[in-house]
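Colleague: The structure is given below, and queries will be raised subsequently.
Computed from the coordinates by the stated procedures, all read-outs in this text should not be read as laboratory data. Just so it is clear, the model here is predicted, and its values are computed rather than measured. Heads up, the Cβs are rebuilt from the backbone with ideal geometry, glycines too, and the neighbour counts pull from every protein chain shown.
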Amino acid sequence: MRRPRHRGAHSPLLGIGEALGGTSASPPSFSQGGPIQIAAAIGLDLLFGDPRDWPHIARLTGWLSDSYERLLTKAAQRTVALGLVFWFCVVGTVLVLYAFARRFCSVLGSSAVLVLDTLIIYQAIAAKDLYSHAEAVLRPLLGNDLNEARKQLSWLVGRDTQSLGESEIARAVIECVAESLTDGIIAPLFWSMIGGASGALVYRAANTLDSMVGHKTDLYEKFGKASARVDDFLNWLPARFCAILFCLCDRKNMLATVRAEAGAHASPNAGWGESAMAHVLGVQLGGENFYDGEPVSGPVFNVAGRRPDIEDIQRSLNWMWRICAAGAGAILVTTFLLNKLRWR
């Protein structure tokens, strides 16, 4: 997704298995996803979230991004082609490091490979972090401390927050929860199912690159285009799957409405979660936001809805957990069935 340049580019939220198929110490194929690793990774995320002093895929990707950007832009102009080279350099390096780590773990035994792959998938998920950061805005709101709520909100969103009122803060948090359901939870689980730990690794690295260089600014309009487009591609199916989960959990046939509203969004994916969340909560989301003092108009989701309030933040978090549970359940069952088919 192409984003306006903002101080939230390094947001903590952007910081995000394979079946062993036997007891051999040699590493399994990268293309096999395993329900054990995915389930264990979900459990680890719920228990620990993203401890700030631990090594993390997103932080490694961020460091590589800065390094390769400096190196490449010294020798050439910031073109779309150079941005594509940049993307392959960063993601390729991440995959090579993972391959070396996996080979080392295979020498120690299959259990070490299992642990490594579980940790990779765990770091790609951000459910607990999303909940914690949303709650960090909700707490001062409940205490009528708008200044602290605005400060905490600035970690979550890129829009200007310094003059937002209570309802606008609530809207911003709910929109963040709705969009992050896809790129922080459903999408990494989906790509873990498709490609195991390597799938989760590529997804989290690509999503981090989008947050760092996928901006519509003079500096990154061309250079970040490849990163933005790859992120759009990787989130295309998960975003629609997430909207379907909303419809199923709410037991309402609103998919056509969600699809129509999402089509008006500048991003091919962000509108699906936001529209679905607006309708299940009965609130109006979207509209005008300010970035660096400049107004940016977007589509309005659920035009007939009321203005969101503080209580709607908690309701959106309750919906987040419902969609997480439904999505994780569907992905685990599908992964189990796919693995059974592979070993027939």
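Colleague: In terms of Cα to Cα distance under 20 Å, which lysines are near enough to LYS74, apart from those fewer than 8 places away along the same chain?
Modeller: LYS222, LYS225
Colleague: Can you find, among ALA136, TYR220, TRP87, the residue farthest towards the positive end of the dipole of the chain? Put +1 on the C-beta of Lys and Arg, -1 on that of Asp and Glu.
Modeller: Of the listed residues, the answer is TRP87.
Colleague: What fraction of the Cα pairs in region 168-256, stated in percent, has a spacing above 18 angstrom? Provide the component values of the computation, followed by the final result.
Modeller: On the way: 2090 of 3916 pairs.
Counting every Cα pair in region 168-256, those more than 18 Å apart make up 53 percent.
Colleague: Give me the Å³ per residue figure for the convex hull around the C-alpha atoms of region 63-205.
Modeller: Details: hull volume 21.1 nm³, N = 143.
Per-residue hull volume (Cα only) is 147 Å³.
Colleague: Enumerate the aspartates and glutamates that LYS216 could reach by cross-link, defined here as Cα to Cα under 16 Å, with residues fewer than 8 away along the same chain left out.
Modeller: Counting by Cα, and skipping residues close in sequence, LYS216 has these aspartates and glutamates nearby: ASP231, ASP232, ASP292, GLU294.
Colleague: Next question, about the same structure. If we count other beta carbons within 10 Å of each Cβ, what is the order of VAL202, VAL173, fewest first? Walk me through the numbers on the way to the answer.
Modeller: Values: VAL202 20, VAL173 28.
If I rank by nearby Cβ atoms, fewest first, I get VAL202, VAL173.
Colleague: For SER167 and PHE233 in one chain, what is 0.36 nm times their gap in residues minus the Cα-Cα distance, to one decimal in nm?
Modeller: Details: separation 66, 0.36 × 66 = 23.76 nm, distance 3.28 nm.
Value of the extension gain: 20.5 nm.
Colleague: Still on this structure: Restricting things to alpha carbons, tell me how big region 259-316 is in terms of Rg and Dmax, in Å.
Modeller: Answer for region 259-316, Rg first and Dmax second: 11.7, 31 Å.
Colleague: Something else about it: For each of CYS249, CYS105, CYS242, count neighbouring Cβ atoms within 10 Å of the residue's Cβ, then give the residues from fewest to most. Could the numbers behind the result be given before it?
Modeller: On the way: CYS249 16, CYS105 19, CYS242 27.
The order, fewest Cβ neighbours first, is CYS249, CYS105, CYS242.
Colleague: Here's another thing I want to ask about it. Assuming R0 = 45 Å, what is the FRET efficiency of ARG259 and ARG70, from their Cβ-Cβ distance, to the nearest 0.05? Numbers along the way, then the final one.
Modeller: Values: r = 42 Å, r/R0 = 0.93.
Here the calculated transfer efficiency is 0.60.
Colleague: Starting from the coordinates of the alpha-carbon atoms of the chain, obtain the Kirkwood hydrodynamic radius over all distinct pairs and give the value in Å to one decimal.
Modeller: Working: mean 1/r = 0.0487 Å⁻¹.
Computed over the chain, the radius equals 20.5 Å.
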